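All remarks here apply to the structure that follows.
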Amino acid sequence: MSTTHQTDNRSDLIEVINPRTGEVIDTVISHSEAETQEAFDRARRAQRTWAKRSVAERAKIIMRMHDVVLANQAEILDTIQLETGKNRASAFDEVLDVAINARYYAKKAPKLLRPQHVKGALPVLTKTIVQHAPKGVVGIISPWNYPLTLTLSDAIPALIAGNAVVLKPDSQTPLTALAGAQIAREAGLPEDLYQVITGPGAVVGETIANHADFLMFTGSTETGRKLGAIAGERLIGFSAELGGKNPMIITADANIDVAVRTTIAGCFSNTGQLCISIERIYVHEDVAAQYVDKLVAAVENLTIGGGGWEENIGSMISATQADNVMALVDDAVAQGAKKLTGGRRPDLGSAFIAPIVLVDVPEAARLYREEVFGPVVYIETFSSEAEVIERANDSEYGLNAAVCAGHNRWQIAAQLEVGTVNINEGFAAAFGSIDAPMGGWKASGTGRRHSDAGLLKYTEPRTIAEQRVLPISGPKNLPRETYAAVMTNLLRLGKRFL
Ligand code: NAD
């Protein structure tokens, strides 16, 4: 699979950096507003032809993406790791996610996009169907933390629904996004149908928001609000997957070994740079000491750096992001928080941080409520379930939560104000349940990915209703008062029998 990209004779280039070494590994073009608009013109032409192809034909190409991504995984993993610094196992999660999405939507789309017969205004006399037409050109703006998943996996349902996609990746991870476009092409997707346009958010991103027929955004809540305002002004559909400050609850009857395992995966996968990552833990006071001891030992056993399959923790996306994370930790420590383990690992490179576990974090510390987006978690204790549910819900965010508990696990889960709850798991059980909607409550977003909703949001429903035999207002000469009496009786009968 070749992933070369044209940068000849251009001076407006963006340098891509390997965060593990700080070295420049490649350059990509910083596209202009006019070039982004041209991408839309090409996409619109390609979309018209694509929408005429049957859903089965489109699904076949998407299913081939499943095969291409699996067949080329070694090369793709290398690219992801090169520009993100993440560990290989977390990079593999991205490959897995694309394959699962391709398979799921390739199988599900023909049924979802088939015209649906629904109940008409009058039984038998009104025949009503609902069609799902593509929106046109979908704009996708994606972040750097999962550069394959949050580009290709979000494009798959849009494409299969008959849309074209113009996508802007984050400027720190354009190579994976371009490799994703290459996967799509190898699978047989027409070139202009899925275009990756590299460049700054304020130029390429805003132009996409100003031209798309639907906008799919993943990133910070701050940028999400700006893009939501543009979408609102333009009256286009908008789906946003934003930040989180995700809680985990460990009750007195939880299996502590499961809780420790869940904490490690839930907090430190992808070096904690994960919107659904756990950042605050509430453990019952009766088991807190046992849990904390086991957790600290397990955290200190994690392997950091190296890059291979055995590496548990990779680097952060950049030295700057590592600095941002450490600034939040230092602020908490300066205000009285206690660091049980972890911290900077300059021996490995300035983008590496060993996972940090904090206790006694005061409410005034910034990270008490703000998202860290790094390998940092704090622990608090609780004594009653009602109290811990209230504390877990006391956040502007509502993305994900985890519950490690015995008897009341489902009851606790059902009271959390979040889009996904994982029982005895950190995030993967719900995120991997692709037949279920995934997204955030409150400031964590709007709209959903995965499930029927993740595809149907990229369509415009068209309701077609045919009136047969009799007009909907009854026979021509029927007096209005009689019509009203007949309708009243029909409604009463309908309430009983329909
Ligand atoms: P970000 O909002 O800074 O950037 C995301 C994307 O938006 C990038 O491609 C960026 O170039 C672009 N962008 C920035 N400003 C823009 C503008 N004015 N107009 C148009 N585009 C613009 O976020 P980030 O720092 O890259 O990502 C981290 C954040 O993303 C975290 O808050 C994290 O929780 C969130 N995130 C959420 C999910 C989710 O599914 N909920 C997944 C991953 C990341």
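The values are calculated or read from the model by the stated rules, or taken from the named source; none is laboratory data. On a predicted model such as this, the values are computed, not experimentally measured, just so you know. Note: ideal-geometry Cβ built from the backbone for every residue, glycine included; neighbour counts use all protein chains shown.
Out of curiosity, is Ala443 modelled with pLDDT of 95 or more and within 16 Å of the ligand (Cβ to nearest atom)? The answer is yes for Ala443. Name the residues in the stretch 106-141 that are among the β-branched types (Val, Ile, Thr), touching a Gly at 6+ places or on another chain (Cβ under 8 Å) and either away from the ligand (no atom under 16 Å from the Cβ) or under 16 Å from Arg53 (Cα atoms) (or both), would you? Within the stretch 106-141, Thr126, Thr128 qualify. Can you pull out every residue in the stretch 195-210 that is surrounded by fewer than 22 Cβ atoms within 10 Å (Cβ to Cβ) and closer than 11 Å to Val137 by Cα? Within the stretch 195-210, just Gln195 meets the criteria.
Would you say Ala414 is at pLDDT 95 or above and more than 15 Å from the chain's Cα centre (by Cα)? Judged against the criteria, Ala414 is a match.
To keep it simple, each residue is scored yes or no on (1) acidic (Asp, Glu); (2) assigned by the TED database to the domain that holds Thr251; (3) surrounded by 21 or more Cβ atoms within 10 Å (Cβ to Cβ).
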| position | (1), (2), (3) |
| --- | --- |
| Gln321 | no, yes, yes |
| Asp331 | yes, yes, no |
| Gly342 | no, yes, yes |
| Leu348 | no, yes, no |
| Glu363 | yes, yes, no |
| Phe373 | no, yes, yes |
| Val376 | no, yes, yes |
| Glu385 | yes, yes, no |
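Only residues that are part of a strand (DSSP E or B), among the polar types (S, T, N, Q) and more than 10 Å from the ligand (Cβ to nearest atom) were counted in the stretch 177-233, giving 1.
Is it the case, given these coordinates, that Thr21 is outside any helix (DSSP H, G or I), modelled with pLDDT of 95 or more and hydroxyl-bearing (Ser, Thr, Tyr)?
Working: outside any helix (DSSP H, G or I): yes; modelled with pLDDT of 95 or more: yes; hydroxyl-bearing (Ser, Thr, Tyr): yes.
Yes: the conditions hold for Thr21.
Starting from residues that are surrounded by 24 or more Cβ atoms within 10 Å (Cβ to Cβ) and among the β-branched types (Val, Ile, Thr), keep the ones in the stretch 234-254 and report whichever is nearest to the ligand (Cβ to nearest atom). Of everything passing the filter in the stretch 234-254, Ile249 is nearest to the ligand (Cβ to nearest atom). The set of residues from the stretch 312-355 being hydroxyl-bearing (Ser, Thr, Tyr) and part of a loop (DSSP other than H, G, I, E, B) comprises Ser315, Ser318, Ser350. Residue check: is Ala51 touching a residue at least 60 places away in the same chain (Cβ under 8 Å) and in the same structural domain as Pro110 (by the TED database)? Judged against the criteria, Ala51 is a match. May I ask you to list the residues in the stretch 391-417 that are of a type in the set (A, V, I, L, M), part of a loop (DSSP other than H, G, I, E, B) and surrounded by 15 or more Cβ atoms within 10 Å (Cβ to Cβ)? Matches in the stretch 391-417: Leu399, Ala405, Leu416. Within the option set Asn163, Asn145, being assigned by the TED database to the domain that holds Trp50 and under 23 Å from Arg88 (Cβ atoms) holds for one residue only, Asn145. Taking the conditions (1) part of a loop (DSSP other than H, G, I, E, B); (2) without any contact (Cβ under 8 Å) to a residue 40 or more places away in the chain; (3) surrounded by 12 or more Cβ atoms within 10 Å (Cβ to Cβ) in turn, Thr27 satisfies each one other than (1).
Conditions (1) under 19 Å from Phe431 (Cβ atoms); (2) surrounded by 19 or more Cβ atoms within 10 Å (Cβ to Cβ), marked per residue:
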| residue | (1), (2) |
| --- | --- |
| His31 | no, yes |
| Glu35 | no, no |
| Lys86 | yes, yes |
| Pro115 | no, no |
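In the stretch 224-250, the residues that are without any contact (Cβ under 8 Å) to a residue 24 or more places away in the chain reach residues that are assigned to a helix (DSSP H, G or I) and within 10 Å of the ligand (Cβ to nearest atom) with C-beta atoms within less than 8 angstrom, at least six apart or across chains, in these pairs: Ala231/Ala209. Test Gln81 against the stated conditions and say whether it is assigned to a strand (DSSP E or B) and away from the ligand (no atom under 16 Å from the Cβ). No.
Can you confirm whether Thr262 is among the β-branched types (Val, Ile, Thr) and over 12 Å from Ala401 (Cα atoms)? Here the answer is no, as Thr262 does not meet what is asked. Beta carbons closer than 6 Å, at least 6 apart along the sequence or on distinct chains, pair a first residue in the stretch 286-306 that is in contact (Cβ under 8 Å) with a residue 60 or more places away in the chain with a second that is in a helix (DSSP H, G or I) and of a type outside the set (A, V, I, L, M) for Leu295/Thr263. When Tyr105, Tyr146 are checked against the criterion of being in contact (Cβ under 8 Å) with a residue 60 or more places away in the chain, part of a loop (DSSP other than H, G, I, E, B) and among the aromatic types (Phe, Trp, Tyr), a single residue qualifies: Tyr146.
Conditions (1) polar (S, T, N, Q); (2) touching an Asp or Glu at 6+ places or on another chain (Cβ under 9 Å); (3) closer than 30 Å to Ser269 by Cα, marked per residue:
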residue	(1), (2), (3)
Ile423	no, no, yes
Phe431	no, yes, yes
Asp435	no, yes, yes
Lys442	no, yes, yes
Thr459	yes, no, no
Asn477	yes, no, no
Met487	no, no, no
Gly494	no, no, no
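Taking the stretch 458-475, which residues are aliphatic (A, V, I, L, M) and part of a loop (DSSP other than H, G, I, E, B)?
Val469, Leu470, Ile472, listed by residue number.
Annotation note: Cβ proximity below 8 Å between a residue of the stretch 324-342 that is under 23 Å from Ala298 (Cα atoms) and modelled with pLDDT under 95 and a residue that is small (Gly, Ala, Ser) and part of a helix (DSSP H, G or I) (sequence gap 6+ or interchain) occurs for no pair.
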